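K.L.:
Structure provided below as structure tokens; questions to follow.
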Amino acid sequence: MARELLLDLANKISRTKRGSKLEIKEDYPEYKILEPIMTDEMAEVALCLELRKPMSAEEIAPLCGKSVEKTAELLWEVADCGMAFVNEIDGVDKYWCEIWVPGHMEMIVNHKENVKKYPEIARAFDAYGLRKGPMGVGKFPVGHGPMRVIPIEQSIDGNTRSASFEEVSRYLNENTIFSLSDCACRTSREAMGEGCGHLKEDICIQMGHAAEYYIRTGRAKEITREEAMEVIRKAEENGLMHSIPNLDGPGNTHAICNCCGCGCFNMRLANHWSNPDMARSNYVSKVDAEKCVACGECVENCPTNSLTIGQKICTENISSPQKWDDFQTTEWTEDQWNPDYRTNRKVVSDEGSSPCKAECPAHIGIQGYIKLASQGRYDEALELIKQENPFPAVCGRICPRKCESACTRGDIDDPIAIDDIKKFIAEKELKGENRFIPRIKHDYGKKIAVVGAGPAGLSCAYYLAVDGYKVTVFEKQNALGGMMTLGIPSFRLEKNVVNAEIDILKDLGVTFKTGVEVGTDVTLKDLRSQGYEAFFLAIGAQGGRKLNIPGEGAEGVISGVDFLCNVNLGTAGELKGKTVVIGGGNVAIDVARTAVRVGSDKVHMFCLENRESMPALEEEVEEALAEEIGINNSWGPVQILTDNGRVKAVEFRKCLSVLDDKGRFNPVYDDKDTMIVEADHVLISVGQSIEWGTILDDSKVELNPNNSVKADAKTLQTAEEDIFAGGDALTGPRFAIDAIALGKEAAISIHRFVQPGQDLLLGRTIRDYRSFDKESLNLEGYDRIPRETTAHVSAAASRETFQDLRGTFTEEQIKKETERCLGCGATVTDEFMCLGCGVCTTKCKFDAISLVRKYDEEGVDLADLKPKVIKYVIKRQLKIAANKPIKAISKAFSRV
């Protein structure tokens with residue numbers, strides 16, 4: 001049953017009358033937030049308070065009919081729960097009430113004990129925003145919403161500043177007392193299990209009377225002005241924006257909130273209801289397309305998804321139209337809203353963008369680091385690469401270069417030598433005096449276990465360490481790097497390069513435990529008991545697949561994967577005589593070329609596929625042929641012939657086709673066309689298998705028929721909630737860059753999982769980068785500049801050594817090659833949705849995006865708000881009515 005005094009109080013704060021059409025009722029959040037925290041006696045006293053009029057206990061006591069002592073006691077309880085401000089004024093405690101938001105809702109939620117004890121408080125704050133949000137659509141003129149964005153100060157050109165109220169520093173310099181509290185919005189999100197990964201702790205700054213109240217009631221800790229400025233700096237560095245309460249009068253405020261677009265309830269006004277005018281600053285962002293390199297940093301940090309990556313090279317432009325006019329002349333109803341804004345963020349405009357970024361599995365800002373390299377800004381280029389890939393020196397040597405295959409320059413002459421540019425950037429840093437070690441962002445201290453020190457595991461460990469976690473990597477081998485170290489021969493990837501990049505993880509505080517097999521030496525249960533809160537399984541596909549033919553178990557027959565591992569560990573010995581390699585992929589090529597280097601007199605490869613459909617990269621096939629390795633296409637093994645248990649030959653039969661008409665693996669053979677090939681050694685390289693051992697014993701983790709792990713495609717979470725998986729153990733054998741990309745996604749999920757109340761998907765950027773349609777390319781007027789190449793490596797010299805003889809570009813070559821980039825992509829701005837926060841400008845390394853002043857509005861006093869809102873609504877309704885039939889005009893005015 002409703003408590004009448006609480007209903008009276010809820011209506012008083014709402015400035016509504018009981019019995020009226022706008023009355024607050026018992027099922028409204030304004031009532032529900034009071035019910036668990038307010039007694040009737042407290043409500044009696046609170047009903048005597050006035051809006052923004054400080055009053056003492058002596059003044060209130062006669063109004064509520066209680067003694068001064070009892071009134072003072074109850075007033076403190078009211079203030080402590082969040083339903084009154086209290087400040088000491090002229091030596092006396094004085095109390096007053098506020099509006100709901102910004103005001104009592106945040107004050108109530110910021111009571112740490114109450115919000116834990118009564119989670120309905122958090123739900124009520126959320127429900128209040130959902131109830132009031134639609135009511136504010138089209139009602140508030142720019143600069144007059146309850147909260148407003150104020151730009152990051154460095155993003156504002158000094159020439160465009162007309163008033164210091166747009167500068168954060170002004171508010172900090174004008175106040176003498178400051179406090180630091182948790183974010184009320186994120187506190188509510190967390191309590192509801194809907195957190196976005198941006199954590200609530202120590203992020204919102206109060207000043208003046210609000211700081212005194214927050215400190216006295218235990219909601220916040222007192223900080224200095226310098227500490228407040230440091231909070232602002234870190235917030236900006238981490239991609240957060242600033243908002244301030246906007247109804248304290250022109251040029252005044254009592255708090256600075258450091259907000260994210262995915263958690264903040266004020267930002268929800270813009271994002272959910274497409275109503276940015278209620279929150280925006282006086283600025284909008286403008287992109288200089290000539291300077292923009294579509295790196296994506298601004299796009300992924302924009303709080304309202306007003307930025308997407310588009311293109312600047314196609315004849316057709318299909319960017320979405322701006323919404324300015326529609327908003328002013330249309331009833332802004334559910335058709336224009338975006339209630340799923342926390343899960344449907346776009347990173348690419350409808351027309352698509354740069355093929356290189358789209359095709360890279362890690363979606364590195366390739367166009368960006370090419371531009372930085374062209375300007376000689378190699379350290380910044382490396383930093384940009386490492387936003388998505390911690391191992392550029394490794395990938396510069398072994399990447400499949402999907403970016404180059406898609407490069408638009410290839411439609412003119414030859415693709416940009418993207419991999420060679422990346423290799424140069426990474427090589428320069430490897431040889432430099434000072435290595436790039438990213439700043440650790442936080443100090444979470446939680447323990448995370450990574451199983452497997454291959455590219456996926458190391459990538460996950462890197463990003464978790466940068467975020468502030470204590471990461472331990474468990475590796476059953478005695479060497480780190482996984483297949484990068486043990487599965488790739490040194491003539492393609494020298495081990496000192498791998499180790500040099502792993503050294504950065506050690507500098508970040510990652511602990512490595514080698515020679516430890518999880519499941520045998522230590523179990524997941526053991527690790528949980530040691531305080532590890534989440535696990536990333538990245539054991540790779542470390543085993544070789546069998547042919548299941550007669551003679552496969554003979555002496556002299558070994559899987560290609562085991563052979564490469566033994567060679568890299570120095571335990572393989574020499575191969576005397578003739579070697580047959582069965583398989584046609586990149587690993588088979590590595591196996592064959594390695595066999596040459598360990599003494600085999602003659603190496604022949606046999607594979608089912610014809611030359612055109614071999615899975616190995618064409619350049620690797622050519623390297624094998626140059627080293628006099630025989631490649632025999634369209635032959636499948638029948639049996640391995642033996643003599644006294646040792647291999648002596650392999651029988652093959654002709655393969656007529658590998659796939660059926662539906663694209664499924666279903667080889668068809670000519671049984672009459674066979675041949676026998678003598679062999680002293682047979683190296684089987686027809687795929688890799690995933691060997692779990694006992695890791696998953698007593699777990700809920702499920703496996704697919706091919707032994708890969710089942711996990712959510714976006715979050716990488718398995719059926720056991722604290723276990724995540726990635727790399728080849730999830731996808732089957734792929735390239736290192738694929739594993740690296742999954743490692744970062746796992747780090748994002750693990751961060752969200754181990755922090756209370758965070759959802760694995762809400763507010764997460766799904767990096768669905770897509771290329772533009774090349775059918776509408778406009779490539780007229782481009783010069784045909786030849787692609788730079790490194791010096792040719794003699795096959796005769798190469799086959800005699802395990803050293804990587806391939807060269808690296810010179811600085812002069814870098815200048816020439818980077819000039820060939822067409823600069824296909826550029827960021828596109830939806831100015832309507834832009835709030836003018838300036839986050840984008842802080843992320844851009846190219847001075848390609850700036851804030852431009854569009855309005856000249858400042859805050860308003862609450863007492864002066866109503867006439868401004870009425871005037872604005874009337875003008876807007878006139879514009880809407882002008883677009884309607886005459887008979888609709890009277891109806892439009894009736895809404896006013």
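The values are calculated or read from the model by the stated rules, or taken from the named source; none is laboratory data. Everything numeric in this text was worked out from a predicted model, so none of it was measured. Here the Cβ is made from the backbone with ideal geometry for all residues, glycine too, and neighbour counts use every protein chain on show. These accessible areas exclude ligands, DNA and RNA; they are computed on the full protein's heavy atoms, side chains included. Shrake-Rupley method; radii C 1.70, N 1.55, O 1.52, S 1.80 Å.
K.L.:
Give me the one-decimal nm value for the distance between modelled label points at Leu659 and Lys139, 7 Å along each residue's Cα-to-Cβ direction.
P.N.:
5.9
K.L.:
Tell me, what HN-Hα J-couplings in whole Hz come from the Karplus equation 6.51 cos²θ - 1.76 cosθ + 1.60 at θ = phi - 60° for each residue of the stretch 768-776, using x for Gly and Pro?
P.N.:
8, 6, 10, 7, 6, 7, 6, 5, 9
K.L.:
Give the relative contact order (percent, whole number) for the chain; include only Cα pairs under 8 Å separated by 6+ residues. List each step's numbers first, then the result.
P.N.:
Values: 1891 pairs, mean separation 159.4, N = 896.
Worked out over the chain, it gives 18 percent.
K.L.:
How many percent of the accessible area of the chain is carbon or sulfur, using a 1.4 Å probe?
P.N.:
On the way: 17550 of 37290 Å².
That share works out to 47 percent.
K.L.:
Between (1) 32.7, 111; (2) 29.3, 123; (3) 34.4, 114, which entry matches Rg and Dmax of the Cα atoms in Å as derived from the coordinates of this structure?
P.N.:
Correct label is (1).
K.L.:
With n ≥ 4 as the cut-off for DSSP H runs, can you work out [θ] at 222 nm for the chain, using -39500 (n - 2.57) per run divided by the number of residues, rounded to the nearest 500?
P.N.:
Working: 35 runs with 306 residues, N = 896.
Only helices count here, giving -9500 deg cm²/dmol.
K.L.:
For a protection proxy built on the mean count of beta-carbon atoms within 10 angstrom, sort 108-120, 557-569 highest first, please.
P.N.:
Values: 108-120: 17.8, 557-569: 21.3.
By packing density, highest mean first, the sequence is 557-569, 108-120.
K.L.:
Let me make sure I get this right: for the stretch 635-704, a, b and c are the square roots of the gyration tensor eigenvalues over alpha carbons, sorted descending. Under 1.5 in a/c it's rounded, otherwise prolate if a/b > b/c, else oblate. Which is it?
P.N.:
oblate
K.L.:
How long is the gain from Asp670 to Glu4 if the chain were fully straight, where each residue apart is worth 0.36 nm and the alpha carbon distance is subtracted? Intermediate values should be presented prior to the final figure.
P.N.:
Numbers: separation 666, 0.36 × 666 = 239.76 nm, distance 9.02 nm.
Full extension of this stretch gives 230.7 nm more.
K.L.:
OK, next. Return the distance in nm (one decimal) between the two label points of a simple spin-label model at Glu628 and Asp526, each offset 7 Å from Cα along Cα→Cβ.
P.N.:
In this crude label model, Glu628 to Asp526 measures out at 5.1 nm.
K.L.:
Using a Förster radius of 51 Å, what is the FRET efficiency between Val852 and Asn704 based on their Cβ-Cβ separation? Nearest 0.05, please. Display every interim value, and only then the final one.
P.N.:
On the way: r = 53 Å, r/R0 = 1.03.
After rounding, the FRET efficiency stands at 0.45.
K.L.:
Right, here's the next one. Under 12 Å Cα to Cα from Lys32, which aspartates and glutamates show up? Leave out anything in the same chain fewer than 8 places away.
P.N.:
Those aspartates and glutamates meeting the cut-off are Glu120, Asp126.
K.L.:
Same structure again: Could you grab the relative contact order for the stretch 715-851? Cα pairs under 8 Å, six or more apart, rounded to a whole percent.
P.N.:
On the way: 65 pairs, mean separation 17.0, N = 137.
Dividing the mean separation by the residue count of the stretch 715-851 yields 12 percent.
K.L.:
Could I ask something else about it? Roughly how many nanometres apart are two label points built 7 Å out from the Cα toward the Cβ at Thr333 and Arg611?
P.N.:
Each label point is offset 7 Å from its Cα along the Cβ direction, giving 6.7 nm.
K.L.:
Using only the alpha carbons, work out the radius of gyration and Dmax of the stretch 218-332 in angstrom.
P.N.:
For the stretch 218-332, the Cα radius of gyration and maximum Cα-Cα distance read 17.7, 61 Å.
K.L.:
Looking at the stretch 430-469, which trypsin sites (Lys or Arg not before Pro) are DSSP coil and have at most 15 other C-beta atoms within 10 Å of their C-beta? Don't skip to the answer; put the middle values down first.
P.N.:
Numbers: sites: Lys431, Arg435, Arg439, Lys441, Lys446, Lys447; in loops: Lys431, Arg435, Arg439, Lys441, Lys446.
Counting only loop positions with at most 15 other Cβ atoms within 10 Å, the trypsin sites (Lys or Arg not before Pro) in the stretch 430-469 are Lys431, Arg435, Arg439, Lys441.
K.L.:
Would you mind getting me the FRET efficiency between Asp379 and His442? Use the beta-carbon distance for r and R0 = 22 Å, nearest 0.05. Show your work: numbers first, answer last.
P.N.:
Numbers: r = 24 Å, r/R0 = 1.07.
My answer for the efficiency is 0.40.
K.L.:
By accessible area of protein heavy atoms, probe 1.4 Å, what ranking do Thr16, Thr818, Thr642 get, highest first?
P.N.:
Working: Thr16 30, Thr818 10, Thr642 60 Å².
Most to least solvent-accessible, the answer reads Thr642, Thr16, Thr818.
K.L.:
Could you sort the peptides 590-601, 666-677, 184-195, 55-66 by per-residue average Cβ neighbour count (10 Å cutoff), highest mean leading? Don't jump to the answer; show the numbers that get you there.
P.N.:
Numbers: 590-601: 21.8, 666-677: 12.8, 184-195: 23.7, 55-66: 16.9.
The densest-packed peptide leads the list: 184-195, 590-601, 55-66, 666-677.
K.L.:
Then there is this: By how many degrees, 0 to 90 and rounded to 10, does the Cα axis of helix 455-467 deviate from the longest principal axis of the chain?
P.N.:
Result, in degrees: 30.
K.L.:
Another question, if that's okay. Can you give the FRET efficiency for Asp413 and Glu775, using 1/(1 + (r/R0)^6), R0 = 22 Å, r = Cβ-Cβ distance, to the nearest 0.05? Provide the component values of the computation, followed by the final result.
P.N.:
Details: r = 19 Å, r/R0 = 0.88.
With R0 = 22 Å, the Cβ-Cβ based efficiency is 0.70.
K.L.:
Once you have the Kirkwood Rh of the stretch 754-896 from its Cα pairs, apply Stokes-Einstein at 20 °C and 1.002 mPa s and quote D in µm²/s. Walk me through the numbers on the way to the answer.
P.N.:
On the way: Rh = 23.9 Å.
For the chosen part, D equals 90 µm²/s.
K.L.:
Please compute the contact order of the stretch 496-649 in relative form: average sequence separation of alpha-carbon pairs under 8 Å and at least six residues apart, divided by the residue count, as a percent. Write down the numbers at each step before the final one.
P.N.:
Numbers: 168 pairs, mean separation 32.6, N = 154.
It comes to 21 percent, rounded to a whole number.
K.L.:
Looking only at the stretch 458-490, which residues have a backbone nitrogen under 14 Å from a spot 7 Å from the Cα of Glu237 in the C-beta direction?
P.N.:
Within reach of a label on Glu237, which here means backbone N under 14 Å from a point 7 Å along Cα→Cβ, the stretch 458-490 contributes 466-468.
K.L.:
What is the helix-to-structure angle for 68-81, meaning the angle in degrees between its Cα long axis and the longest Cα principal axis of the chain, kept from 0 to 90 and rounded to the nearest 10?
P.N.:
It is inclined by approximately 30 degrees.
K.L.:
Okay, moving on. Which number do you get for Rg(Cα) / (2.2 N^0.38 Å) in the stretch 660-796? List each step's numbers first, then the result.
P.N.:
Details: Rg = 23.3 Å, N = 137, 2.2 N^0.38 = 14.3 Å.
The reported ratio for this selection is 1.63.
K.L.:
Continuing with the same structure: Using only the alpha-carbon atoms, how far is helix 418-430 inclined from the longest principal axis of the chain? Give it as 0 to 90 degrees, nearest 10.
P.N.:
That helix lies at roughly 80 degrees to the long axis.
K.L.:
Let me ask another. May I ask you to list the residues of the stretch 374-414 whose amide nitrogen lies under 15 Å from a point 7 Å from Cα along the Cα→beta-carbon direction of Thr790?
P.N.:
392-401
K.L.:
Name the trypsin sites (Lys or Arg not before Pro) in the stretch 326-427 that are in a loop by DSSP and that have at most 16 other C-beta atoms within 10 Å, would you?
P.N.:
Values: sites: Arg342, Arg345, Lys346, Lys357, Lys371, Arg377, Lys386, Arg397, Arg401, Lys402, Arg409, Lys422, Lys423; in loops: Arg342, Arg345, Lys346, Arg377, Arg401.
Listed in order of number, the matching sites are Lys346.
K.L.:
May I pose another question? Return P(r) of the stretch 570-626 (all Cα-Cα pairs; 10 Å bins starting at 0; whole %; ordered from short to long distances).
P.N.:
24, 54, 20, 2
K.L.:
Sticking with this one: Work out, step by step, the length gained on full extension between Lys875 and Phe802: first 0.36 nm times the residue separation, then minus their alpha carbon distance; give nm to one decimal.
P.N.:
Numbers: separation 73, 0.36 × 73 = 26.28 nm, distance 7.76 nm.
So the chain would gain 18.5 nm between Lys875 and Phe802.
K.L.:
Still on this structure, please answer the following. Any idea what % of Cα-Cα pairs in the stretch 570-726 are farther than 20 Å?
P.N.:
Roughly 61 percent, once rounded to a whole number.
K.L.:
Here's a follow-up. A 18 angstrom limit on the alpha carbon distance is what I want to check against. Which of Lys291/Lys371; Lys371/Lys843; Lys70/Lys94; Lys291/Lys422; Lys441/Lys744; Lys495/Lys578 exceed it?
P.N.:
Working: Lys291/Lys371 10 Å; Lys371/Lys843 15 Å; Lys70/Lys94 15 Å; Lys291/Lys422 21 Å; Lys441/Lys744 16 Å; Lys495/Lys578 28 Å.
Beyond 18 Å: Lys291/Lys422; Lys495/Lys578.
K.L.:
Any idea what diffusion coefficient the stretch 520-663 gets from Stokes-Einstein, in µm²/s, Kirkwood Rh on alpha carbon pairs, 25 °C, 0.890 mPa s? Don't skip to the end; give the middle numbers.
P.N.:
Numbers: Rh = 17.4 Å.
Answer from the Stokes-Einstein relation: 141 µm²/s.
K.L.:
Just the accessible area per residue of the chain, please: how many Å² with a 1.4 Å probe? Intermediate values should be presented prior to the final figure.
P.N.:
Working: 37290 Å² over 896 residues.
For the chain, the solvent-accessible area averages 42 Å² per residue.
K.L.:
Please report, to one decimal in angstroms, the Kirkwood hydrodynamic radius of the stretch 23-126 built from all distinct Cα-Cα pairs.
P.N.:
Values: mean 1/r = 0.0718 Å⁻¹.
Its Kirkwood hydrodynamic radius stands at 13.9 Å.
K.L.:
I would also like to ask the following. What GluC sites (Glu not before Pro) does the stretch 535-630 have in DSSP loop regions with at most 11 other beta carbons within 10 Å?
P.N.:
Working: sites: Glu552, Glu555, Glu574, Glu609, Glu612, Glu618, Glu619, Glu620, Glu622, Glu623, Glu627, Glu628; in loops: Glu552, Glu574, Glu609, Glu627, Glu628.
Listed in order of number, the matching sites are Glu574.
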